[in-house]
Amino acid sequence: MRTELVSEPGDPGRPNEDFASVGLPASGQGGSLVVLDGVTPPEDGGGCLHSVPWFTARLGGALAELTVSLPDVPLAELLSRALIRTAGSHAATCDLSHPRTPQATVVLARWSPGSVEYLVLSDSALLVESPDGTVTALLDDRLARLPRSALATDALVDATVRNREGGFFTAAADPSVAARAVTGTLPRDEVRALAALTDGAARWVERFHEGDWADCLALVRKEGPRSLVERVRTLERADADGPQPRRGKTHDDATVVYVEL
């Protein structure tokens, strides 16, 4: 088995809000990966005393432990339990009902001798390669399907589409959001490799259109996750220097986890 992980902040002067881990049980039977992309709050905060990295570290740590220690519990149930555990660690000090309480996108995958389970919530991506080389992108595309007018301001997003029916969902404090995730199970012999990417790394495909998802996974296999992140950074710098830079962050936290089964 080959595993590689790279996580790099978008701004060296700010903490990385992503979280990533690979868990390999001592039994040698299977393993799991966890990737979170913390949602940066507006400058006026979000009703919580804690930072987004604080939140992603605790939620990610809970998921890393639970996906390995409870192999028979479905991933959506594990996400629900991890959200309850994380919320309990700051419910007494923070307003967890605030729409901007710390939150994150989630990608989980867990493999055993017979199957590969997956969960995707919000706009990070999980790429699955089959033995014949076919690459399938497992995505929760609800955010991408919203009209741009619905995302015009943070206040509008909070009021109309964030963690609401007809909008999109992120992992925050409400454990019921786990039921909104894209989930499924694949036979182990139909999966050769997995690659989990936060949207900062997925920009190579989704924003800069340098290739499709199959090209992206092929690049990660051949040159490693760091090469993908470095290529994204080069494209971001060129875009920022262009006559009409794209909207959004110039650089975003970028995380890639690659597992070759």
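The values are calculated or read from the model by the stated rules, or taken from the named source; none is laboratory data. What you see is a predicted model; the values in this text were computed from it and never measured. Every residue, glycine as well, gets a Cβ built from its backbone with ideal geometry; the counts of neighbours run over all protein chains shown.
To keep it simple, each residue is scored yes or no on (1) among the aliphatic types (A, V, I, L, M); (2) in contact with a Cys (Cβ under 9 Å, 6 or more places away or on another chain); (3) within 20 Å of residue 117 (Cα to Cα).
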{"position": "129", "(1), (2), (3)": "no, no, yes"}
{"position": "144", "(1), (2), (3)": "yes, no, no"}
{"position": "190", "(1), (2), (3)": "no, no, yes"}
{"position": "199", "(1), (2), (3)": "no, no, no"}
{"position": "208", "(1), (2), (3)": "no, no, no"}
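Looking only at segment 165-190, residues that are over 19 Å from residue 91 (Cα atoms), of a type in the set (Gly, Ala, Ser), modelled with pLDDT of 95 or more and exposed (fewer than 15 other Cβ atoms within 10 Å of the Cβ) come to 2 in all.
Taking residues in segment 21-40 that are farther than 20 Å from residue 51 by Cα, and partners anywhere that are of a type in the set (Gly, Ala, Ser) and surrounded by fewer than 17 Cβ atoms within 10 Å (Cβ to Cβ), the pairs with Cβ atoms closer than 8 Å and at least 6 places apart or on different chains are 29/112; 30/112. Taken together, the criteria exclude residue 212 from residues that are among the charged types (D, E, K, R), touching a Gly at 6+ places or on another chain (Cβ under 9 Å) and either surrounded by fewer than 19 Cβ atoms within 10 Å (Cβ to Cβ) or over 29 Å from residue 77 (Cα atoms) (or both). Checked against (1) out of contact with any Leu (no Cβ under 8 Å at 6 or more places or on another chain); (2) over 30 Å from residue 231 (Cβ atoms); (3) touching a residue at least 24 places away in the same chain (Cβ under 8 Å), residue 175 passes all but a single condition, namely (1). Only one of the numbered conditions (1) free of Cβ contacts under 8 Å to residues at least 12 places away in the same chain; (2) crowded, with 16+ Cβ neighbours inside 10 Å is violated by residue 108, and that is (1).
Of the listed requirements (1) surrounded by fewer than 19 Cβ atoms within 10 Å (Cβ to Cβ); (2) within 13 Å of residue 103 (Cα to Cα); (3) of a type in the set (A, V, I, L, M), residue 73 misses just one: (2).
The listed residues are 110, 100, 81, 58, and the only one of them that is closer than 20 Å to residue 258 by Cα and of a type in the set (Lys, Arg) turns out to be 110.
When the residues of segment 146-162 are filtered to those that are surrounded by 13 or more Cβ atoms within 10 Å (Cβ to Cβ) and out of contact with any Pro (no Cβ under 7 Å at 6 or more places or on another chain), the one that is modelled with the highest pLDDT is 161.
How many residues does segment 156-184 contain that are farther than 15 Å from residue 39 by Cβ and small (Gly, Ala, Ser)? Summing the residues that are farther than 15 Å from residue 39 by Cβ and small (Gly, Ala, Ser) in segment 156-184 gives 7.
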